[in-house]
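**Student:** This structure is in structure tokens; I'll ask about it shortly.
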Amino acid sequence: MRILVVEDDAVLSEGLHLGLTRAGYQVDVARDGESGLDMALERPYGAIVLDIMLPKMDGWTVCRQVREHGVSVPILMLTARDAVDDRVKGLDSGADDYLPKPFDYRELLARLRALLRRESARKDAVIRIADLELDPVAHTAKRSGEDIRLTPREFSLLEALARNAGRTLTRDVILERIWNDEETLSNTVNFHVASLRKKLDAGRKVKLVQTVHGLGYRLEPHEEDPT
């Protein structure tokens, strides 16, 4: 599980990195709001720990823009202890929970675990995009009720694309964040995408797997031009 920490305070960000790493998470750190937003939109994270007072872009704006881009990742916002208005504004911006500063790392980890349990329960639900039905629990995929037989890697690729529908996933993200395989060559991604596209889209008027040239791939219904 990879966590994104967006915190400009050097001591606190290093402490969060150390504490979360010791708890078994992989951790990326952004030191300003703009970088945090870019990272949140570029890669799929298990959760985001987000400070409010940040250089370049405040946490409320980061949170709101993450949600406006359709990213449903759990967000835990760090707030000042007595700033009730900050907490209310954060929740209204799309945060899932808040933690007042200063905080105990045990509480931070407990709140993250609670958010991740909720997210896990949500992810058990069937995903529907156009005529695609994807069941993450049963590991089944259907289009217009027709079963589609997928390999484990094809299924994990389709699931990642479906959970980030409309967002472009780069080849590096697919390799490192979805398959956790830094040694696999990027042309292997191309091979699996081509295989998935053949099984999912061949012979259908509406294509789902789209190539974003020079960037990667996304799942988005697109009606093929008959000409």
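**Student:** Could you give every pair whose Cβ atoms fall below 7 Å, whose first residue belongs to the stretch 1-25 and is within 17 Å of Leu116 (Cβ to Cβ) and open to solvent by 50 Å² or more (accessible area, probe 1.4 Å), and whose second residue is at pLDDT below 90 and assigned to a loop (DSSP other than H, G, I, E, B), counting only separations of at least 6 or pairs across chains?
**Tutor:** So the pair list comes out as Met1/Gly46.
**Student:** Exactly one condition in (1) among the β-branched types (Val, Ile, Thr); (2) touching an Asp or Glu at 6+ places or on another chain (Cβ under 8 Å); (3) part of a helix (DSSP H, G or I); (4) at pLDDT 85 or above is false for Val209; which is it?
**Tutor:** All conditions pass for Val209, except number (3).
**Student:** Taking the residues in the stretch 177-206 that are acidic (Asp, Glu) and at pLDDT below 65 as candidates, determine which candidate is farthest from the chain's Cα centre (by Cα).
**Tutor:** This residue is Glu183.
**Student:** Can you tell me which condition Lys89 does not meet? The list is (1) farther than 26 Å from Ala162 by Cα; (2) at pLDDT 90 or above; (3) not hydrophobic (A, V, I, L, M, F, W, C), and all the others hold.
**Tutor:** Unmet condition: (2).
**Student:** Considering the stretch 26-43 alone, what residues qualify as being of a type in the set (Gly, Ala, Ser), in a helix (DSSP H, G or I) and open to solvent by less than 20 Å² (accessible area, probe 1.4 Å)?
**Tutor:** Gly33, Gly36, Ala40
**Student:** For residues that are among the hydroxyl-bearing types (Ser, Thr, Tyr) and either modelled with pLDDT of 95 or more or part of a helix (DSSP H, G or I) (or both), tally how many sit in the stretch 3-25.
**Tutor:** The qualifying residues number 2.
**Student:** Quick one: Leu132 ticks every box in (1) touching a residue at least 24 places away in the same chain (Cβ under 8 Å); (2) within 30 Å of Asp201 (Cα to Cα); (3) open to solvent by 40 Å² or more (accessible area, probe 1.4 Å) bar one, so which box is it?
**Tutor:** Unmet condition: (3).
**Student:** Suppose we filter the stretch 85-106 for residues that are more than 23 Å from the chain's Cα centre (by Cα) and open to solvent by 70 Å² or more (accessible area, probe 1.4 Å); how many remain?
**Tutor:** 5
The values are calculated or read from the model by the stated rules, or taken from the named source; none is laboratory data. Source: prediction; values computed, not measured. Cβ: placed from backbone, ideal geometry, glycine included. Neighbour counts: every protein chain shown. Just the protein is used for accessible areas: all its heavy atoms, side chains included, with ligands, DNA and RNA removed. Shrake-Rupley method; radii C 1.70, N 1.55, O 1.52, S 1.80 Å.
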